[in-house]
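Have a look at the structure below, then the notes.
Only the coordinates and a few stated rules stand behind these numbers; no lab work does. If you're wondering where the values come from, they're calculated on a predicted model, not measured in any experiment. Heads up, the Cβs are rebuilt from the backbone with ideal geometry, glycines too, and the neighbour counts pull from every protein chain shown.
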């Protein structure tokens, strides 16, 4: 049984919308988890990521999702027999977001680490700015976080060997700049900080937990992103699986090695590229050298 088959079985039997956590807990009670062809260390998180991605990106998906928070899932084939109104909040009745933040920017790192791991297959590393000499290199030097996706995870050994033989890079390097909020007040500063700190990577993202819904703002954000190839990720601090890439980054084939050399003055960044090199050479990912991926229960920001 696959994870999606497990979810389908539970939803068919329960005949009601369920969150991914509820689906997993019910599956465990029914011992469906023992029938999975693979689990991993955190099968509940894997189930959550797979069902979210399938319901969102697959036009032929059998899963529907509600507009409530947290999102609940149901089988489209059973939609006519379900009372979905109880699980869907009209857009004009959605609660107004709090004006004050009850968390710091650094608290968003673990949310991004979780999202990047389960939805981008990316291992992240937080870069501590205070260990670098800003006087020598200026204010905007380092990204807040960096990451790496190893294609070798998805490729057969023969394909990996072939890519190495012909010199095709089998990794994607990411750069992330985090903000608690993006609006007209801080858009240009935040955006060009991201551009300044991210020119070296294959893909660069500006990440925020709260993004203005103003139409003019989004048009300007889209314009800047298109001009410089910067992507945008909106984090959902209440339901990390509902975080999403709202504007994809433009992939840059060539890495800026001069800037990478400059960034290596920071020990965190130097350790990151050294670990990536070792993992790429050995074809074994040393996950303990990257940011720890928390259980979803530990991600709630207080």
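Below, the figures for the structure above:
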{"item": "Relative contact order (percent, whole number), the chain, Cα cutoff 8 Å, 6+ residue spacing", "result": "16"}
{"item": "Added length on full extension, which subtracts the Cα-Cα distance from 0.36 nm per residue, residue 284 to residue 21", "result": "91.6 nm"}
{"item": "Protection-proxy order for peptides 266-274, 15-23, 210-218, each taking the mean of Cβ atoms within 10 Å per residue, highest first", "result": "15-23, 266-274, 210-218"}
{"item": "For peptides 226-234, 180-188, sequence by mean Cβ density within 10 Å, most packed first", "result": "226-234, 180-188"}
{"item": "Chain lengthening between residue 34 and residue 5 when straightened (0.36 nm per residue, less Cα-Cα)", "result": "9.1 nm"}
{"item": "Highest-MSF residue in the chain out of 189, 105, 158 [GNM, Cα springs under 10 Å]", "result": "158"}
{"item": "Of (i) 20.7, 66; (ii) 26.6, 97; (iii) 19.8, 64, the label for Rg and Dmax of the Cα atoms in Å derived from the coordinates", "result": "(i)"}
{"item": "Full-extension gain in nm, residue 80 to residue 246, via 0.36 nm per residue minus C-alpha separation", "result": "56.7 nm"}
{"item": "Mean Cβ count within 10 Å, highest first, over the residues of peptides 244-250, 159-165", "result": "244-250, 159-165"}
{"item": "Spin-label pair residue 210/residue 277, simplified geometry with 7 Å Cα→Cβ offset, distance in nm", "result": "4.3"}
{"item": "Percent antiparallel among DSSP beta bridges (both partners in the chain, rounded to 5)", "result": "60"}
{"item": "Calculated FRET value between residue 164 and residue 220, using beta carbons and R₀ = 51 Å, to 0.05", "result": "0.75"}
